Amino acid sequence: MSAQDITLPAYAGTIGVRIDSWDAARPILTLDYSGELCGNPGMFHGGAVAALLEMAALATIDADLRAGRGPAKLSPVNATVEYMRPALERPAYASARIVRAGRRLANLEATLWQESEDKPCATAIVNVAIAPLEAA
């Protein structure tokens, strides 16, 4: 699986999210700090943090489905974000793990960090609806 195979939401490019690398078959996404993503001075806006967490979950379930039963239409159902510490003026990284993936719904845990994955800035529980793509 490669970064080119994964489909990120359209707004990923708008805010600058990219797939940085892979760790144990999960994509790691990166978002560089910019003034446009600033909440309080020197910190990422909470919405940018939540967006990166959601995209990490979507990329992870997309990679898993493509490796197994094939691509699907993915729609976030909801996300619950826990903010633990400020995400400061440096790149932020996010990855997710699948807690459960059924035929129609997947539950994932996503983590955002900066210096070390052992020191998360935020975590999220993300539920994603899965719909098979129609055969052409």
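The values are calculated or read from the model by the stated rules, or taken from the named source; none is laboratory data. This one's a predicted model, so the numbers in the text were calculated from it and none came from an experiment. For neighbour counting, all protein chains shown are included, and Cβ atoms are generated from backbone atoms with ideal geometry for every residue, glycine included.
Some values worked out for this structure:
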| read-out | value |
| --- | --- |
| Counted residues, region 87-108 - those being part of a loop (DSSP other than H, G, I, E, B) and either of a type in the set (Phe, Trp, Tyr) or out of contact with any Asp or Glu (no Cβ under 7 Å at 6 or more places or on another chain) (or both) | 6 |
| Residue pairs meeting the criteria (Cβ under 7 Å; at least 6 apart or on separate chains; first aliphatic (A, V, I, L, M), in region 43-59; second part of a helix (DSSP H, G or I) and surrounded by fewer than 22 Cβ atoms within 10 Å (Cβ to Cβ)) | ALA48/ILE15; ALA48/LEU37; ALA51/ILE15; MET55/ALA12 |
| Exclusive hit being among the small types (Gly, Ala, Ser) and within 23 Å of TYR83 (Cα to Cα), set GLY68, GLY35 | GLY35 |
| Pairs where the first residue, in region 73-98, is under 29 Å from ILE130 (Cα atoms) and among the small types (Gly, Ala, Ser) and the second is surrounded by fewer than 13 Cβ atoms within 10 Å (Cβ to Cβ) and modelled with pLDDT under 95, C-beta under 7 Å, 6+ apart | SER95/ASP23 |
| Conditions (1) of a type in the set (Gly, Ala, Ser); (2) within 19 Å of THR30 (Cα to Cα); (3) in contact (Cβ under 8 Å) with a residue 24 or more places away in the chain: number failed by ALA131 | (2) |
| Identity of the residue in region 1-60, within 12 Å of the chain's Cα centre (by Cα) and of a type in the set (Ser, Thr, Tyr), that ends up modelled with the lowest pLDDT | THR7 |
| Candidate set from region 103-121 (those that are small (Gly, Ala, Ser) and more than 12 Å from the chain's Cα centre (by Cα)); member that is nearest to PHE44 (Cα to Cα) | SER116 |
| Members of region 33-79 that are among the charged types (D, E, K, R) and surrounded by 15 or more Cβ atoms within 10 Å (Cβ to Cβ) | GLU54, ASP62, ASP64, ARG66 |
| Selection count, region 52-86, where residues are assigned to a strand (DSSP E or B) and within 21 Å of PRO9 (Cα to Cα) | 10 |
| Flag for VAL49 being part of a helix (DSSP H, G or I) and over 26 Å from PRO132 (Cβ atoms) | yes |
